[in-house]
1. Restricting attention to region 35-69, which residues are modelled with pLDDT of 80 or more and acidic (D, E)?
2. What is the residue count in region 1-30 for residues that are modelled with pLDDT of 85 or more and either in a loop (DSSP other than H, G, I, E, B) or charged (D, E, K, R) (or both)?
Amino acid sequence: MVLISDGFSKLAAQYTEQQGIEALPRPWLPPLEERIPLSNISITNFEEAWQKEEKDLNIILGMLDQSHI
């Protein structure tokens with residue numbers, strides 16, 4: 001299945017390359033790593049943390065990389 005947007009994207013890329021137009025910086029973050037080691041994930045005892053008066057938890061619910069969109 002070929003989408004019209006795919007064809008337009010290719011046409012726009014060809015045109016800008018032919019005209020010598022430099023690409024603008026991308027507004028999204030760089031791609032995520034293929035693997036994230038457990039040592040990079042912080043471990044928090046939520047039962048202890050929730051007993052604190054001040055809640056300083058930062059929860060990551062998930063990560064999504066859609067750089068192809």
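1. Matches in region 35-69: E47, E48.
2. Adding up the residues that qualify gives 5.
The values are calculated or read from the model by the stated rules, or taken from the named source; none is laboratory data. In this text, all values refer to a predicted model and were calculated from it rather than measured experimentally.
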